[in-house]
1. If you take every DSSP beta bridge fully contained in the range 118-214, what fraction is antiparallel? Give it as a percent rounded to 5.
2. Take every DSSP beta bridge whose two residues both sit in the chain, then give the antiparallel share in percent to the nearest 5.
3. May I ask for log10 I(q)/I(0) of the chain at q = 0.09, 0.11, 0.14, 0.15 Å⁻¹, from a Debye sum over the Cα atoms as equal point scatterers with solvent left out?
4. At 222 nm, what helix-only mean residue ellipticity would the chain give, in deg cm²/dmol to the nearest 500, using -39500 (n - 2.57) for each DSSP H run of four or more?
5. For the chain, find the longest principal axis of its Cα atoms and tell me its angle to the long axis of helix 46-57, 0 to 90°, nearest 10.
6. Measure nothing fancy, just the Cα-based angle from helix 75-84's long axis to the longest principal axis of the chain, in degrees from 0 to 90, nearest 10.
7. So if I take the alpha carbon set of the range 59-158, get Rg, then get Rh from the Kirkwood formula, what is the Rg over Rh ratio?
8. May I ask for the distance between the Cα centers of the range 74-114 and the range 115-189, given as a whole number of Å?
């Protein structure tokens, strides 16, 4: 792995050589962008995130090749390998936190326009009426949520006084819900419909009506400290995509129908504080964030 320097400008003589004898001009080297495979069999965020990654990389002068590393791993392991350079991954996307921004190169453009923090509640179908009566965070504080032990969401929920049971394996959380070890599993609007299709019928799960938790957060690209050029190219590429509205168009292409099916604009929003945000979080830039009442 290496940093690719910008190509020097061609002199008149170099330009003529390139036209007359292309074989004499060395092709630009390609940097591999390697991301960790999701521990689950299917990651519903993956198609959109890869489209955003390729869009950002296409905006700059350097050549990149995107691929998965082929080894399924937890988020925590992926972050450690990225930080310490133990494997071949040099990039991942994840919810931000102070610790992640401290140890990794952070591209502070929210890839998902903030909807990772829009959480619907996956519950047992038998409890739909029970959750239809929930009107406040005080009511939810009497119930137990479920999350992965190494997800930032766990700390966010607990900071807001919501009890959380944790697991070390993502798929185990669906079993915990079905077996009444937790009462609900908050899932992003990006994920919950896909997960309901995969697990809902077998485990008799459903989406709680009316409610949506919301906390300010962002999915960022995090880059290995060994690849500053990649981080800068991603930053410039995403800024250009936002300015030209191609990122917004890609977001609408992937999520317009989904957010309409989930009736997001008409849900009761329960707002949570997020203690994990850094002062550098670009909350002052409205063009980077979607609004639940009018996502597009």
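Read the figures in this text as sums done on the coordinates, not as results from a lab. Every value quoted in this text rests on a predicted model; they were computed, and no experiment measured them. Note: ideal-geometry Cβ built from the backbone for every residue, glycine included; neighbour counts use all protein chains shown.
1. The antiparallel fraction comes to roughly 65 percent.
2. Of the beta bridges lying entirely in the chain, close to 50 percent run antiparallel.
3. One equal scatterer on each Cα of the chain leads to -0.48, -0.69, -1.07, -1.21.
4. Taking each H run of at least 4 residues, the total per residue is -9000 deg cm²/dmol.
5. 30
6. 30
7. Value, to two decimals: 1.07.
8. 24
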